[in-house]
Amino acid sequence: MHELKLDRSFVTHLTSDPRAAAIVRSTVQLGQELGTTIVAEGIEDGGTLATLQRWGCDVAQGYHIAAPMPAGSFLGWLGAHPVRTPVDPLPA
C-alpha cells in the first residue's frame, strides 16, 4: 500500500466532531509512520484545510481547492494555481 485516502465523511466533520478529528488525526499519524501518502478528500473550507496542514496531511482535494472540471480546463487552472505537494504545513 502506497496511498491511503481519507473519506469525506470523516474529513468534512473534523472541525466540529471530536471523534472524526481523532480518526483523521490518527490516520495521518499512522500514514506518516508507515511512509504512506495520505490523501484527504472533501475539503470544503479553510479551517479543515488548515487543520490537515497542521497535522501533516500529504494531499488534499475538495471544493475549497477546486471544483471538478473538464480535462481541457485543468491546464488553465493549473497554470493559475501553484501546486504544493505534500500539503505545506502551517507554521506552529
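Read the figures in this text as sums done on the coordinates, not as results from a lab. Since this is a predicted model, take the numbers as computed values, not measurements. Cβ: placed from backbone, ideal geometry, glycine included. Neighbour counts: every protein chain shown.
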Given the rule -39500 (n - 2.57) for each run of at least 4 DSSP H residues, summed and divided by the residues of the chain, what is its mean residue ellipticity at 222 nm, to the nearest 500 deg cm²/dmol?
-13000 deg cm²/dmol
Under unit Cβ charges (Lys, Arg +1; Asp, Glu -1), what dipole magnitude, rounded to 20 debye, does the chain have relative to its Cα centre?
60 debye
How large is the convex hull of the Cα atoms of the range 3-80 per residue, expressed in Å³ as a whole number?
94 Å³
